[in-house]
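The values are calculated or read from the model by the stated rules, or taken from the named source; none is laboratory data. Since the model is a prediction, treat every value here as computed from it, not as a measurement. Note: ideal-geometry Cβ built from the backbone for every residue, glycine included; neighbour counts use all protein chains shown. We work out accessible area using only protein heavy atoms, side chains counted, and drop any ligands, DNA or RNA first. Shrake-Rupley method; radii C 1.70, N 1.55, O 1.52, S 1.80 Å.
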Amino acid sequence: MNILHGRHLLLLLIIYYGEAAAFTLLQSSKPQKLIPTSRHNMKSRLSSSQSPNDDDTVPAVYPLSRKKLVLIEEAKKLNTPKSSYSSVGWSNRLGSVLTPAAVPGVYTADRPFYWNKIDVGCRMTVIKQQNGELIVHSPIGIDPPLIRSLEELGEVTHVISPNYEHVKYAHQWAEQYPNAKIWGCPGLMERETNVRWTGEVPFGARPPGFNGGNQSISDDKHKDIWDWEEFQPLHIDTEVNPFTGKSFFNEVIYYHTASKTLLMTDLFWNYPSSDGTTNGQISVDDEEDFGPWELAPSVGKIPFGSTAWKFGMDKIFYPFYMNLMLKSDKRQTFNEIARFITCGGDWEVETIIPAHGDIVRGKNVCREVLEKHFNVQCSLPSVDAHFTSPSVLAWLKKMALSYKLERGEDFLEVISREAGISVNEGDENDLMQLATLCASSPLAIASHDFLRADEAIYIYGNQAFLDGFGYEWDEFVELPSSKCVETDTKVEERQKLLDNIKDAAMSKTQSNEVDRYDNLVRVRKDGKKILLKGVHLWNVWDISENLDDNARAKVESGAIKPIGQAVWISNVEYLD
């Protein structure tokens, strides 16, 4: 039985549930950042009659305006002016056979692609390697104009089908170019037996700069593969079809080091807004992004079917993928991949070429778009100073160590996972990162101590907790925590709950029992009731160093007593 393809599944969801119901069905309590839909400001155009400097060599670093001029000159060399191949439309804005996309050596073949009479667009990318040979990524249908244009660029030596869906034309390319190496994503050779495959990208492939990268291409089976230093693959081995338990797209994404270009097929898309403005669907820095320009002009109103498709992909399929298609045991791996793609370092992305939708250009713009799509924060957000004071840092460290002691999990990993935010690689023990992420987390996080009075007094509350309970920081950190309970009877019930957490501490450190409470009613400062769901409680122990057997022994023997308690809450709802 064939695995349900992504777009088939999307349509089934819309048909069966209806757009609004499907959207509701797929929403998670976790916040997801979608690409904003504000209209892009039109930019002043550079005349195509302008020429780059007389020196034909492409410098290593130059402003985007210089790149733009070089790309215009490349388009002239290809001799495929506007509408020379097909009519102009959103899925081929120039109407050309090939369009220069990045320098050096990156070209695209943009085409309409119809699914049930809806143009969903498709893009093939051609990489001209340093040796002059061509890599074809995500092949489209072959025709004589495309063959002639490729002959002018160089010899096609590698053809790559990057995932399970972008394989329709692989057999055409294998027949047209019998000497070319035909590569698939992991598992594709078994699925598409009619193609003359050379091999597959290894399962779990990582680029050289990724931890464990380049680990499996030295065997004979991959001896004919291209230079991974020049064109780097990364296998997205974190997703699954929730209905079959098998790989869904099984996509491999690629990074071209010379042009700093990222190629993605179905992991990322960038469908245009309904008015047809190039990249009008994203908010960008006008100094960086091209917007509408000579090689990517605006094309007028987008057909209704394509606009509806964009809605389905952005509002239905995106949350479905992020919430239901990521393997539960691979979410941390996905976060690591997302951060590697987004945050620079070995992959410093300056151009994003999706198979569907507009190309994105500019280092800062690419990072902003990827941050929103993958819900990644490459730099720590700005938070109020009281969230990072020395006393708060010291208490948060005790909270985190105590969570590890009782729950057996790293607190920073837990809050980043539950909030859908990636942590900076290698900074798990960075207190400033912990404090900043706690402060800005959508999870409500708070703690009280037993040290300042006969009753527990709040010592910490992040912004989500303060907002949920209606307090300012200065008044909150002097507030008895019992004040958040409505009646004396409820105060007694709450105290029994907290006492049970304290008394059960010994068994929890041994059994890793997890306490989660739902539907707890509390009261805000203004007297309005709120409902707490997904309440996770633990004790705070007087531990200031990393956990070791000595610290555990002191806790288990009773030599160290709890000095407070802490909580993180998944959801706060207003009842009044």
| query | Dividing the Cα radius of gyration by the Kirkwood radius, what Rg/Rh value follows for the stretch 104-196? | reply | 0.96
| said: Given contacts defined as C-alpha pairs under 8 Å and at least six residues apart, what's the relative contact order of the stretch 167-282, whole-number percent? | reply: 16
| task | Return the subset of LYS67/LYS327; LYS67/LYS223; LYS372/LYS529; LYS246/LYS310; LYS330/LYS372; LYS315/LYS525 for which the Cα-Cα distance in this structure is over 28 Å, preserving the input order. | result | LYS67/LYS327; LYS67/LYS223; LYS372/LYS529; LYS315/LYS525
| field | Charge dipole (debye, nearest 20) of the stretch 106-163; +1 at Cβ of Lys and Arg, -1 at Cβ of Asp and Glu | value | 220
| How would you order 332-339, 79-86 from highest to lowest mean count of nearby Cβ atoms within 10 Å? | 332-339, 79-86
| remark: Amide H proximity to TYR460 below 5 Å, modelled H, separation 5+ or other chain, gives SER447
| remark: Here, VAL383 and TRP115, labelled 7 Å along Cα→Cβ, have an inter-label distance in nm of 4.0
| field | Sequence ranges 472-479, 97-104, ranked by mean other-Cβ count within 10 angstrom, highest first | value | 97-104, 472-479
| GLU155's amide H: which non-local residues (gap 5+, or another chain) put their own amide H closer than 5 Å, with H modeled 1.01 Å from N in plane and none for Pro or chain starts? | LEU134
| field | Note, ³J(HN,Hα) from phi for the stretch 370-383, Karplus 6.51, -1.76, 1.60, rounded to Hz, x at Gly and Pro | value | 5, 4, 6, 5, 9, 6, 10, 10, 6, 10, 5, x, 7, 10
| message | Using 0.36 nm times the number of residues separating ASN211 and ASP542, minus their current alpha carbon distance, what extension gain do you get? | response | 115.6 nm
| task | For the stretch 320-402, give the percent of accessible area contributed by carbon and sulfur heavy atoms, probe 1.4 Å, rounded to a whole number. | result | 47
| task | Rank-order 236-248, 254-266, 405-417 by packing density, defined as the average count of other C-beta atoms within 10 Å over each peptide's residues, highest first. | result | 254-266, 405-417, 236-248
| message | Through the Karplus equation 6.51 cos²θ - 1.76 cosθ + 1.60, θ set to phi - 60°, convert the phi angles of the stretch 156-171 into ³J(HN,Hα) values in whole Hz; use x for Gly and Pro. | response | 6, 10, 9, 10, 10, 9, x, 7, 5, 8, 8, 9, 4, 9, 4, 5
| task | Obtain the nm distance between the two label points defined at TYR517 and ASN323 by a simple spin-label model: each point lies 7 Å from its Cα along the Cα-to-C-beta direction. | result | 2.7
| request: Pairs of Cα atoms under 8 Å, at least six residues apart: use those to get the relative contact order of the stretch 305-416, whole percent. | output: 14
| query | Contour minus end-to-end for ASP275 and GLN172, with contour as 0.36 nm per residue of separation and end-to-end as the Cα-Cα distance? | reply | 33.5 nm
| task | Quick one: which residues, 5 or more positions from LEU520 or on another chain, have an amide H under 5 Å from its amide H? H modelled 1.01 Å from N in the peptide plane, none for Pro or chain starts. | result | LEU532
| field | Modelled FRET efficiency - R0 25 Å, ARG148 with VAL88, Cβ distances, 0.05 increments | value | 0.75
